[in-house]
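Asks: I'd like to ask you about the structure that follows.
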Amino acid sequence: MAIKDSALRGYLLEESLAWLLRSSGYRLLVHENQDPVELVTEGETLRVRGRGALHQVDVLGEFTFTPAFSMPVRLFLEAKYYQDRCGLEIVRNAHGVMHDVNENFMTDQRRGPRQRYKYSYALFSASGFTADAQKYALAHQISLVDLSGASFAWLLGHIEAFSSVGELVVLQDGDRLA
């Protein structure tokens, strides 16, 4: 199966962010076996249970250290490799997801309260964010990382170079790229 350049760029950005998260003290959550209560795997897609819906996630990590008197921290990373800057609707969606998953808790009379997590959200964009998106994110504690500046040119350059070398053949049956 062949992948379009744009989809490949998005995938490569997601994989780069997964590496960054893993290198920053987070354990990657990639399958429902790691937490069958909160996570659902549908095909190749990981979803997190919210109070009202299941939510797709590009990269999900759980910080390996839990501060005293706190809940374990889980971080959604969302990668956007668009031509245009990310607008308010993208950040509103992030806020809705974060709110829904943080309110998904219940108690079971037989087993008592279940494990809770503090979910946070970080949006990474190859093309930046509109002013309205930035204001909204700041008001709702959503981290925005603008990759369009000089500091990340090397990363986007490698992604562009790799994604433009031609058609990529996707490996099947659990094979992984080296």
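Asks: Tell me, what is a quarter of the convex hull surface for the C-alpha atoms of the range 75-140, in nm² with one decimal? Please list the in-between numbers first.
Replies: Details: hull surface 19.4 nm².
Taking the Cα atoms of the range 75-140, their convex hull projects to 4.9 nm² on average.
Asks: For the range 1-50, with only Lys/Arg (+1) and Asp/Glu (-1) charged at the beta-carbon, what is the dipole magnitude about the Cα centre, in debye rounded to 20?
Replies: 140 debye
Asks: Quick check: Cα centre of the range 9-31 to Cα centre of the range 46-85, how many Å?
Replies: Taking the Cα centre of the range 46-85 as reference, the centre of the range 9-31 is 11 Å away.
Asks: Quickly rank 69-80, 143-154 as a protection proxy: mean count of other C-beta atoms within 10 Å, highest first. Show your work: numbers first, answer last.
Replies: Working: 69-80: 17.6, 143-154: 13.5.
Listed from highest to lowest mean packing, they are 69-80, 143-154.
Asks: To continue, here is another question. On average over all directions, what projected area in square nanometres does the chain have, based on the convex hull of its Cα atoms? Please report the intermediate quantities before stating the final value.
Replies: On the way: hull surface 48.9 nm².
For the Cα atoms of the chain, the hull's average projected area reads 12.2 nm².
Asks: Using the Karplus curve 6.51 cos²θ - 1.76 cosθ + 1.60 with θ = phi - 60°, what ³J(HN,Hα) values do you get for each residue of the range 126-137, in whole Hz, with x for Gly and Pro?
Replies: 6, 10, x, 9, 6, 4, 5, 4, 5, 4, 5, 4
Asks: Now, a different point. What's the FRET efficiency of VAL40 with GLU15 using the Cβ-Cβ distance as r and R₀ = 22 Å, to the nearest 0.05? If you can, show how the numbers build up before the last one.
Replies: Values: r = 22 Å, r/R0 = 0.98.
It comes out at approximately 0.55.
Asks: Still on this structure, please answer the following. When the convex hull of the Cα atoms of the range 1-100 is projected onto a plane and the area is averaged over all directions, what value comes out in nm²?
Replies: Numbers: hull surface 32.0 nm².
Dividing the Cα hull surface by four gives the mean projection, 8.0 nm².
Asks: Okay, next question. Provide the gained length on full extension for the span SER6 to SER70, in nm with one decimal, where the gain is 0.36 nm per separating residue minus the Cα-Cα distance. Walk me through the numbers on the way to the answer.
Replies: Details: separation 64, 0.36 × 64 = 23.04 nm, distance 3.97 nm.
The span from SER6 to SER70 would gain 19.1 nm if fully extended.
Asks: How big is the charge dipole of the range 1-118 about its Cα centre, in debye rounded to the nearest 20, if each Lys and Arg gets +1 on its Cβ and each Asp and Glu gets -1 on its Cβ? List each step's numbers first, then the result.
Replies: Values: 16 positive and 16 negative charges, 82 e Å.
So the magnitude is around 400 debye.
None of the figures in this text is laboratory data; all of them are computed from the coordinates on show. Here the structure is a predicted model, which means the values were calculated and not measured. We place every Cβ from the backbone using ideal geometry, glycine too, and count neighbours over all the protein chains shown.
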